[in-house]
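S.K.: Dumping the structure here so I can ask a few things about it.
Each reported figure results from applying straightforward, stated rules to the coordinates on display, with no laboratory input. Predicted model, so just to flag it, every value in this text is computed and none were measured. Methodologically, a virtual Cβ is constructed for each residue, glycine included, from the backbone with ideal geometry; neighbour enumeration extends over all protein chains shown.
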Amino acid sequence: MEIKFILNGKQVTASVNADTVLLNLVRDKGCYSVKCGCESTNCGLCTVLVDGKPHLSCALLAARVDGREVTTLEGLQAEAEEFGEFLAREGAEQCGYCSPGFIMNVLAMAKELDNPTTEEIKEYLEGNLCRCTGYMGQLRAIQKYLKTKKGARE
Amino acid sequence: MKVVNQAIPKVDSKALVTGKPVYTDDIAPKDCLVVKVLRSPHAHALIKNIKTDTAMKVPGIECILTYEDCPDRRFTMAGQTYPEPSPYDRLILDKRVRFVGDAVAVIAGENEAAVLKAMKLIKVEYEVLEPLLDFRKAKDNEILVHPEDNWESLCPVGADNKRNLCASGVEGEGDVDKVLSECEYVIEETYHTKANQQAMMETFRTYTYMDAYGRLNIVSSTQVTFHVRRILATALDIPKSKVRVIKPRIGGGFGAKQTVVAEVYPALVTMKTGKAAKIIYTREESMIASSPRHEMELKVRLGADKDGIIKAIDVYTLSNTGAFGEHGPTTVGLSGHKSIPLYGRLEAFKFAYDVVYTNVMSAGAYRGYGATQGIFAVESAVNELAAKMGVDPVALREKNMVREGQIMPAYYGETAASCGLDRCMARAKEMMNWDEKYPVRDMGNGKVRSVGVAMAMQGSGISAVDTGAVEIKVNDDGFYSLLIGASDMGTGCDTILAQMAADCLDCSMDNIVVSGVDTDVSPYDCGSYASSTTYITGMAVVKTCELLKEKIMAKGAEYMDCPKEEVEFDGTKVFHLSSGKEITLKDIGNNVMCNNEEILSASAAHSSPVSPPPFMVGMAEVEVDKETGKVELLDYAAVVDCGTVINPALARIQTEGGLAQGIGMALYEDVVYDSAGRNFSNSFMQYKIPSRMDVGTIRVEFESSYEPTGPFGAKSIGEIVINTPAPAIAHAVARATGVQVRELPITAEKVYWGMNK
Ligand code: FES
Ligand code: FES
């Protein structure tokens, strides 16, 4: 079937099968930042935004995004770079494979939660697995990033 | 020092955090054949017949390959230096299948749907055989996993396929039995560690194609780029000159990718069809047909005199290598070599082992590589000794631990030339507030808290084996290319080697470019494993820079017409003090591109006769629910002596990450089989790796010693970090509940039943 949707700000069309998942579609469309880590909705690596809300693209049928707006890290390069600098300063993009999905969720969280506590941050990001870093460096990066952003706003 | 010991962001960090297409599947040709493997449903069977004609009719199918299409030449997938200690026990596809998930046929087609459809239509007739599933019964069992005559062991490791033995041996010093019999306190216990998955986020993957020169090109997510070339040439029975291997960025390895798990399948397809092909393992395949940690059962006898001096340690390790022997003979060695030497006052030790074949998936290399298993056993036994004696386990260790300058008889007789273990213990004790927290604290709500401790060591490369080389070239305008054969697997060797080069050459990091590994271009390096890169390849960088500086000065002297003995180089210019002449590196770099007969580059290799151990101490604080047995890790404090820390941010992340993996091993992770040998732990649903809710707070500090044989005084960091959580957490749980869990993982059930025996 034919679907139309907005991918990173651009109107695109695609012909998809009933069982095509969004993950494969966006990769086919050149959004290689979107990774697959598990096929069982456990890892969060495939996180994209649909109408601004984080979704696991491995569990979302492509047909469902017809008429909607999909954003991957390719569409958030400036924000990714900004937060990414904090992450890189901690060395917490070790292999980097989990970073795009993780950053998608961090950016969504930064929009959604005001002044999150450590517990709130952990809970929000619970679905984002990382096998390399042990999570502490990611947390340090987030806290420094949020603090800097807050400082800039005040 | 300018950039060494600085937390420099990784040279590839920007690409990674912005999600650039830098991994294998991102850069594979879009039209390459999709390759998948049909896998055995039986743990042990002989293939009688494979019918592929119906499957071949599926539109888009290019080929279906079976054992009849593969060379009858056995090889090992273990990424080790030739001659490999791991036996040559595999074919790419074999008539005999040896575990549920073993490869039966390789299918290639235009798209995944066609390949999956064809896979279902292949008809295989099996003669099902009784599997050998209990590793305790494997030795000399009448069921043989490898009865074949062309099975071969290249090294004297005590292997015998007619006895299901992948390796066996015994070593020691002094009379253990006698010393133990004279000990006031003796602990004799058996510990059991399970197979664990590395579970790197990027599964195994490779693509292959033929190039314009008729050579097989392999682009693979691997830690052992050069070994892939040799192993694939052997497996495919083609000259090594016909193979080129390239490593792009890789999404984690932890040892998994020190085994050539997936490369052979697309390579076989490309060889047969001439077409580009790729394989991407599903998570399920990565869980059922990969290279997990060797399951081990360790019998420990440990004795101390009345003053608590540990006088003898006896370890017997039974290791389960599964269907194939990858890393079997070597991992087992570390279970003794990297546990017993932690104790410096022994009068006798003995270490014996058997490594057996069974009909479960082959084990492989996983961070810690046997040391993790041995340290769980020995450190647990020491904690049990402290309990038996009624003394503080920290004090007991302070009395017995290996100290700087001591000879370590159980560690190849090497001397601990750099050892800050005592300082690690002192600092960890402060961080954990040990004296206050050591007593068990009842929280009054059915929960109790307590702390546990463990020490660890590892090596830095494989002594007198591992070889690393780099080359540095001077280019136009005087920028440097640093060519590395070591395979950065995310942990940052491209960065730290560039840091070392920048310091040696007195320049900024910006003046050095680094690229990934290409066997056609990079100097030889055995690869990134055995905690070798910083220590071994780092030293190759130091040597190379020395050579290059000489050459730069000679060139500068030539251009300035000065005696080369009299010039100096400060990183940006060569100058002659007495005449005041100088020439910049930029000019030298540009000059050598015209009318020049000597290239301005240098290359050096390094290998080390010793493998200096990093040391560490880990302390865990847990809370146990007395009702349910549920264990929650609250806090983990770790102090590491890895020698000079080359990049504190990257070393810290490695440590925190390794600790989290160790916490997973201690509390959650377990590869479970049913009675027919089917693997239940085939997804992240079943095989739980820790999320950020499961690891408590992890705190890391460094207590550096200075290793005289290492670059800038550095030792290794990569593996040691996984070794302390299992024994430290088991200890904390034992303190809290009185239940010493000797079989990992430490589940609520085990604790509950232990309390309610
Ligand atoms: S791929 Fe793991 S959650 Fe989507
Ligand atoms: S950095 Fe490798 S999985 Fe997170």
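S.K.: Using only alpha carbons, build the gyration tensor for the range B:94-210 and give me the equivalent ellipsoid semi-axes, biggest first, whole Å.
M.R.: Square roots of five times the eigenvalues give 43, 20, 16 Å.
S.K.: Which number do you get for Rg(Cα) / (2.2 N^0.38 Å) in the range A:2-72?
M.R.: Taking N as the residue count of the range A:2-72, the ratio is 0.97.
S.K.: Any chance you could give the angle, 0 to 90 degrees and rounded to 10, that helix A:99-112 forms with the longest Cα principal axis of chain A?
M.R.: In chain A, helix A:99-112 runs at an angle near 70 degrees to the longest axis.
S.K.: Starting from the range B:260-311, pick out the trypsin sites (Lys or Arg not before Pro) whose DSSP state is loop and whose Cβ has at most 13 other Cβ atoms within 10 Å.
M.R.: For trypsin sites (Lys or Arg not before Pro) across the range B:260-311 that sit outside H, G, I, E and B with at most 13 neighbouring Cβ atoms in 10 Å, the list reads B:LYS306.
S.K.: Separate question: Cα extents of the range B:436-490 along the three principal axes, largest first, in whole Å?
M.R.: So the three principal-axis extents are 72, 33, 20 Å.
S.K.: Once Rh is set to the Kirkwood radius over Cα pairs, what Stokes-Einstein translational diffusion coefficient, in µm²/s, holds for chain A at a temperature of 37 °C and a viscosity of 0.692 mPa s?
M.R.: Once the numbers are plugged in, D ends up at 207 µm²/s.
S.K.: Same structure again: Take the range B:581-711, drop everything but the C-alpha atoms, weight them equally and run the Debye formula without solvent; then report log10 I(q)/I(0) at 0.15, 0.18 Å⁻¹ to two decimals.
M.R.: -0.91, -1.07
S.K.: In addition: Test of understanding: what is the full-extension gain from B:ALA212 to B:LYS240, defined as 0.36 nm times their sequence separation minus their Cα-Cα distance?
M.R.: Roughly 8.4 nm would be gained on extension.
S.K.: At a threshold of 8 angstrom on Cα-Cα distance, excluding pairs fewer than six apart, so keeping six or more, what relative contact order does the range B:511-660 reach in percent?
M.R.: 16
S.K.: Beta carbons within 10 angstrom, averaged per residue: use that to sort the peptides B:214-227, B:449-462, highest first.
M.R.: With the highest mean Cβ count within 10 Å placed first, the list reads B:449-462, B:214-227.
S.K.: Nearest 0.05, what FRET efficiency do A:GLU119 and B:ASP477 give at R0 = 51 Å with Cβ-Cβ as r?
M.R.: 0.45
S.K.: Can you list, largest first and rounded to whole Å, the semi-axes you get for the range B:468-606 by taking the square root of 5 times each eigenvalue of its Cα gyration tensor?
M.R.: Each semi-axis is the square root of five times an eigenvalue, giving 29, 14, 12 Å.
S.K.: Same structure again: So how strong a dipole does the range B:120-262 carry about its Cα centre when Lys and Arg Cβ are +1 and Asp and Glu Cβ are -1, to the nearest 20 debye?
M.R.: My answer is approximately 1580 debye.
S.K.: For B:682-692, what's the mean count of beta carbons from other chains sitting within 10 Å of each residue's beta carbon?
M.R.: Average neighbour count from other chains, rounded to a whole number: 5.
S.K.: Would you order B:PHE135, B:PHE680 from fewest to most other beta-carbon atoms within 10 Å of each residue's own beta-carbon?
M.R.: B:PHE680, B:PHE135
S.K.: How high is the FRET efficiency between B:ASN445 and B:MET685 when r is their beta carbon distance and R₀ equals 41 Å, given to the nearest 0.05?
M.R.: It comes to 0.85.
S.K.: Using helices alone, I'd like the mean residue ellipticity at 222 nm for chain B: each DSSP H run of four-plus residues gives -39500 (n - 2.57), total over residue count, nearest 500.
M.R.: The helix contribution divided over chain B gives -7500 deg cm²/dmol.
S.K.: Here's something else I'd like to know. In degrees between 0 and 90, to the nearest 10, how far off the longest principal axis of chain A does helix A:136-153 point, with axes built from Cα atoms?
M.R.: Relative to chain A, helix A:136-153 is tipped by roughly 80 degrees.
S.K.: At 0.36 nm per residue, and after removing the present C-alpha to C-alpha distance, how many nm does the segment from B:LYS399 to B:LYS137 gain when stretched out fully?
M.R.: In short, 90.4 nm is gained.
S.K.: Mind checking which of A:VAL65, B:PRO708, B:GLN373 is farthest towards the positive end of the protein assembly as shown's charge dipole, using Cβ charges of +1 (Lys, Arg) and -1 (Asp, Glu) about the Cα centre?
M.R.: A:VAL65
S.K.: Quick one: net charge around B:SER418, please, counting Lys, Arg +1 and Asp, Glu -1 for every other residue with C-beta under 14 Å from its C-beta.
M.R.: Here the count lands on -3.
S.K.: Separate question: If you take the beta carbon distance between B:LYS581 and B:ASP520 as r and set R0 to 35 Å, what does 1/(1 + (r/R0)^6) give as a FRET efficiency, to the nearest 0.05?
M.R.: E(calc), rounded to 0.05, equals 0.30.
S.K.: State the Kirkwood hydrodynamic radius of chain B in Å, one decimal place, computed from all pairs of distinct Cα atoms.
M.R.: Kirkwood hydrodynamic radius for chain B: 27.1 Å.
S.K.: Could you tell me how many cubic angstrom of Cα convex hull volume the range A:75-153 has per residue?
M.R.: Per residue, the Cα convex hull of the range A:75-153 comes to 89 Å³.
S.K.: Another question, if that's okay. Can you sort B:TYR524, A:TYR32 by how many other beta carbons sit within 10 Å, fewest first?
M.R.: B:TYR524, A:TYR32
S.K.: Related question: Across bins of 10 angstrom width beginning at 0, how are the C-alpha pair distances of the protein assembly as shown distributed, in whole percent?
M.R.: 2, 12, 21, 25, 21, 13, 5, 1, 0
S.K.: Among residues other than A:ILE142 whose Cβ falls under 15 Å from its Cβ, what is the net charge (Lys/Arg +1, Asp/Glu -1)?
M.R.: Combined, the nearby Lys, Arg, Asp and Glu give -3.
S.K.: Output the relative contact order of chain B, whole-number percent, from Cα pairs under 8 angstrom with separation of 6+ residues.
M.R.: Computed value for chain B: 15 percent relative contact order.
S.K.: Can you compute the modelled spin-label distance between B:ASP570 and B:LYS123, with each label point 7 Å from Cα toward Cβ, in nm?
M.R.: 8.3
S.K.: Tell me, B:TRP151, B:TRP753 in order of fewest to most beta-carbon neighbours within 10 Å?
M.R.: In increasing order of surrounding Cβ atoms, one gets B:TRP753, B:TRP151.
S.K.: Just checking the output field for A:43-51: average partner chain Cβ neighbours within 10 Å of each residue's Cβ?
M.R.: That works out to 1 on average.
S.K.: Same structure again: Karplus couplings for the range B:317-325 from phi (6.51 cos²θ - 1.76 cosθ + 1.60, θ = phi - 60°), rounded to Hz, Gly and Pro as x?
M.R.: 10, 10, 10, 9, 8, x, 6, 9, x
S.K.: Checking understanding here: applying a Kyte-Doolittle mean of at least -1.0 and a length along the axis of at least 18 Å (C-alpha), which whole DSSP H helices in chain B pass?
M.R.: Correct list, ordered by number: B:371-389, B:538-560, B:648-667.
S.K.: Right, next: Within 10 Å of each Cβ of A:83-89, how many other protein chain Cβ atoms are there on average?
M.R.: That average works out to 5.
S.K.: What distance in nm separates the two pseudo spin-label positions at B:ASN596 and B:GLU749, each 7 Å out from Cα along the beta-carbon direction?
M.R.: Here the answer is 6.8 nm between the modelled labels.
S.K.: Mind ranking A:116-123, B:590-597, B:547-554 by how tightly packed they are, going by the mean number of other C-beta atoms within 10 angstrom, highest first?
M.R.: Averaged packing, sorted descending, gives the order B:547-554, A:116-123, B:590-597.
S.K.: Further question: What does the extension gain come out to for B:ASP435 and B:LEU46, with contour length at 0.36 nm per residue minus their alpha carbon separation?
M.R.: Stretched fully, the B:ASP435-B:LEU46 segment lengthens by 134.0 nm.
S.K.: In whole Hz and in residue order, list the ³J(HN,Hα) couplings for the range B:209-216 that follow from phi through the Karplus curve 6.51 cos²θ - 1.76 cosθ + 1.60, θ = phi - 60°; x for Gly and Pro.
M.R.: Values per residue, Gly and Pro as x: 7, 8, 9, 5, 9, x, 10, 7 Hz.
S.K.: How much net charge surrounds B:ARG692 when only the other residues with a Cβ under 11 Å from the Cβ of B:ARG692 are counted, with Lys and Arg +1 and Asp and Glu -1?
M.R.: Net charge around B:ARG692: -3.
S.K.: To the nearest Å, what is the center-to-center distance of the range B:685-709 and the range B:357-435, using C-alpha atoms only?
M.R.: 16
S.K.: Starting from the Cα of B:VAL465, step 7 Å toward the Cβ, then list every residue of the range B:316-334 with an amide N under 13 Å from that point.
M.R.: Those under the cut-off are B:326-334.
S.K.: Taking θ as phi - 60°, what are the ³J(HN,Hα) couplings along the range A:88-96 by the Karplus curve (6.51, -1.76, 1.60), each to the nearest whole Hz, with x for Gly and Pro?
M.R.: Each residue's phi maps through the Karplus curve to give 5, 5, 7, x, 8, 9, 4, 7, x Hz.
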